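Colleague: Take this structure first; my questions come after.
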Amino acid sequence: MKTDCHGGNIYKKAKELGISQDRIMDFSANISPLGIPEEIRQTVIASIDDMINYPDPECTRLREAIAENDRVREEWITCGNGGADLLFRLAFGMKPKKVLLPVPAFVEYEEALRTAGADITYYRMDEDLLPKEDLIPEITGEYDMLILCNPNNPTGLLLDRDYLLRVLDKAKKEGVFLLLDECFLEICREEENLTLKPYLGKYDNLIILKSFTKLYALPGIRLGYLLSSNPDVIEAVNRAGQSWSVSNLAQEAGICALSLKDYKERVIDTVARELAFMKNEMASLPIRLYDGKANYLFFRAPGREDLDRELEQRGIMIRNCSNYVNLGRDYWRVAVKDHTSNCQLIRALRNILPEN
């Protein structure tokens with residue numbers, strides 16, 4: 001059983017500490033600081049009676065809503081039980097033999113691919129943790145797939161569109177699929193200028209992963225989707241999963257979520273404001289703070305390998321990043337939450353870490 005691949009395992013942590021879950025301030029999972037929109041809450045409640053029916057296996061209405069929201073064609077969309085489900089279905093459906101993976105990167109990529117039998121070659125990013133131009137000549141026909149995450153998980157660092165298009169051009173020339181994870185991009189102000197969704201029609205080797213988890217605070221509902229203009233990709237993913245992978249409640253929640261434009265703007269504004277506040281407050285701490293743009297902050301506290309344990313004594317849970325390839329035990333990630341919670345984290349860090 002996998003227990004330590006992600007943040008947010010408050011159940012295990014509460015049991016370890018011998019306290020109730022509501023006494024833990026969870027900075028390990030990166031969820032919208034505004035919480036579940038009331039409209040989605042009411043939609044789910046109103047949909048309970050529909051549980052007597054099997055879900056629509058094709059997610060027809062949900063795909064229509066996604067197509068309108070993302071300005072893509074319906075046949076380019078397939079939905080799943082969260083981003084992780086889709087990663088496993090993609091791995092088992094496409095069965096790539098060899099994959100190029102810049103690291104550090106979300107650990108579920110590797111777990112899904114290795115479980116499906118893929119061989120993974122790491123491109124190890126240097127200390128600034130950004131892929132460089134030297135990645136492009138590494139993209140050759142010996143690989144079936146390249147994976148990138150924008151913004152990166154765990155660093156939150158963004159890749160510009162020009163760079164991504166150069167990568168995509170080389171991948172297309174070499175017959176390599178690019179899986180681009182944009183799950184956190186919609187929380188960034190830069191989304192419209194960075195997303196590769198407008199290029200799906202031009203590049204049949206482009207696959208984009210999206211999720212409802214982060215923006216709409218719905219990790220428990222389990223809902224995500226893949227975008228690709230390549231019908232073979234969509235067919236492979238659909239073939240690899242069971243027919244009813246998206247519940248009635250999840251489909252209705254997703255349709256409702258996509259109608260909440262004001263909520264999305266409020267999340268973006270809140271995250272941008274709190275992210276700037278946290279960066280400013282943490283600048284005086286003896287850490288290397290990376291200039292991430294997502295709803296989390298990534299930093300290294302040199303030599304402090306027990307920072308999570310010290311914060312747990314104050315009821316705060318953060319994400320240790322040592323299980324990401326290319327990172328040590330003193331790398332950490334913290335979510336951007338509401339202002340009161342963020343202030344509590346900052347105070348705790350100042351009590352533990354001497355300021356410069």
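The values are calculated or read from the model by the stated rules, or taken from the named source; none is laboratory data. Everything numeric in this text was worked out from a predicted model, so none of it was measured. No Cβ is skipped: glycine too gets one built from the backbone with ideal geometry, and neighbour counts run over all protein chains shown.
Colleague: Condition test on ALA272, is it small (Gly, Ala, Ser), in a loop (DSSP other than H, G, I, E, B), at pLDDT 95 or above and surrounded by 15 or more Cβ atoms within 10 Å (Cβ to Cβ)?
Modeller: Working: small (Gly, Ala, Ser): yes; in a loop (DSSP other than H, G, I, E, B): no; at pLDDT 95 or above: yes; surrounded by 15 or more Cβ atoms within 10 Å (Cβ to Cβ): yes.
For ALA272, the condition - small (Gly, Ala, Ser), in a loop (DSSP other than H, G, I, E, B), at pLDDT 95 or above and surrounded by 15 or more Cβ atoms within 10 Å (Cβ to Cβ) - is not met.
Rundown of residues vs (1) among the aliphatic types (A, V, I, L, M); (2) in a loop (DSSP other than H, G, I, E, B), yes/no style:
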| site | (1), (2) |
| --- | --- |
| LEU159 | yes, yes |
| TYR163 | no, no |
| LEU168 | yes, no |
| LYS202 | no, yes |
| TYR216 | no, yes |
| ALA236 | yes, no |
| SER243 | no, yes |
| ALA250 | yes, no |
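Colleague: Could you grab me the full set of residues in the stretch 311-352 that are assigned to a loop (DSSP other than H, G, I, E, B), farther than 29 Å from VAL103 by Cβ and without any contact (Cβ under 8 Å) to a residue 40 or more places away in the chain?
Modeller: Looking only at the stretch 311-352, we keep the residues that are assigned to a loop (DSSP other than H, G, I, E, B), and these are 313-315, 318, 321-330, 336-338.
Checking which are farther than 29 Å from VAL103 by Cβ leaves us with 313-315, 338.
GLN313, ARG314 - these are the residues of the stretch 311-352 that are assigned to a loop (DSSP other than H, G, I, E, B), farther than 29 Å from VAL103 by Cβ and without any contact (Cβ under 8 Å) to a residue 40 or more places away in the chain.
Colleague: A follow-up question, please. In the stretch 121-166, what residues are among the aliphatic types (A, V, I, L, M), surrounded by fewer than 23 Cβ atoms within 10 Å (Cβ to Cβ) and farther than 27 Å from ALA335 by Cα?
Modeller: Across the stretch 121-166, the qualifying residues are LEU135, ILE136, ILE139, LEU165.
Colleague: Next up: Show the residue pairs meeting these rules: Cβ distance below 7 Å; 6+ apart or different chains; first residue within the stretch 193-208 and assigned by TED's automatic domain parsing to the domain that holds LEU165 and over 14 Å from LEU148 (Cβ atoms); second residue assigned to a loop (DSSP other than H, G, I, E, B) and among the aliphatic types (A, V, I, L, M).
Modeller: Within 7 Å, the pairs are LYS197/VAL72; LEU200/VAL72.
Colleague: If you check ARG266 against the conditions, is it among the basic types (Lys, Arg), within 22 Å of the chain's Cα centre (by Cα) and under 13 Å from VAL336 (Cβ atoms)?
Modeller: In short, no.
Colleague: Tell me the residue from LEU168, LEU158 that is within 23 Å of LYS202 (Cα to Cα) and touching a residue at least 60 places away in the same chain (Cβ under 8 Å), please.
Modeller: LEU158
Colleague: Right, next: Return the residues of the stretch 89-100 that are surrounded by fewer than 21 Cβ atoms within 10 Å (Cβ to Cβ) and over 18 Å from ASP232 (Cβ atoms); say none if nothing qualifies.
Modeller: Answer for the stretch 89-100, where residues must be surrounded by fewer than 21 Cβ atoms within 10 Å (Cβ to Cβ) and over 18 Å from ASP232 (Cβ atoms): just LYS98.
Colleague: Mind telling me which of the residues LEU146, LEU90, LEU129 ends up being hydrophobic (A, V, I, L, M, F, W, C), closer than 22 Å to CYS183 by Cα and either in a helix (DSSP H, G or I) or not assigned by TED's automatic domain parsing to the domain that holds ASP56 (or both)?
Modeller: Within the list LEU146, LEU90, LEU129, the selection yields LEU90.
Colleague: I've got another one for you. Just need a number here: residues in the stretch 275-302 that are loosely packed, with under 15 Cβ neighbours inside 10 Å, without any contact (Cβ under 8 Å) to a residue 40 or more places away in the chain and farther than 15 Å from LYS337 by Cα.
Modeller: 4
Colleague: Something else about it: I need the full set of residues from the stretch 309-345 which are acidic (Asp, Glu) and either surrounded by 17 or more Cβ atoms within 10 Å (Cβ to Cβ) or in the same structural domain as GLU110 (by TED's automatic domain parsing) (or both), in order please. Please lay out each step first, then the result.
Modeller: From the stretch 309-345, those acidic (Asp, Glu) are 310, 312, 330, 338; that's our starting set.
GLU312, ASP330 - these are the residues of the stretch 309-345 that are acidic (Asp, Glu) and either surrounded by 17 or more Cβ atoms within 10 Å (Cβ to Cβ) or in the same structural domain as GLU110 (by TED's automatic domain parsing) (or both).
Colleague: Condition first: out of contact with any helix residue (DSSP H, G or I) (no Cβ under 8 Å at 6 or more places or on another chain), of a type in the set (D, E, K, R) and at pLDDT below 95. Now tell me which residues in the stretch 16-48 satisfy that.
Modeller: The answer is GLU16, ASP22.
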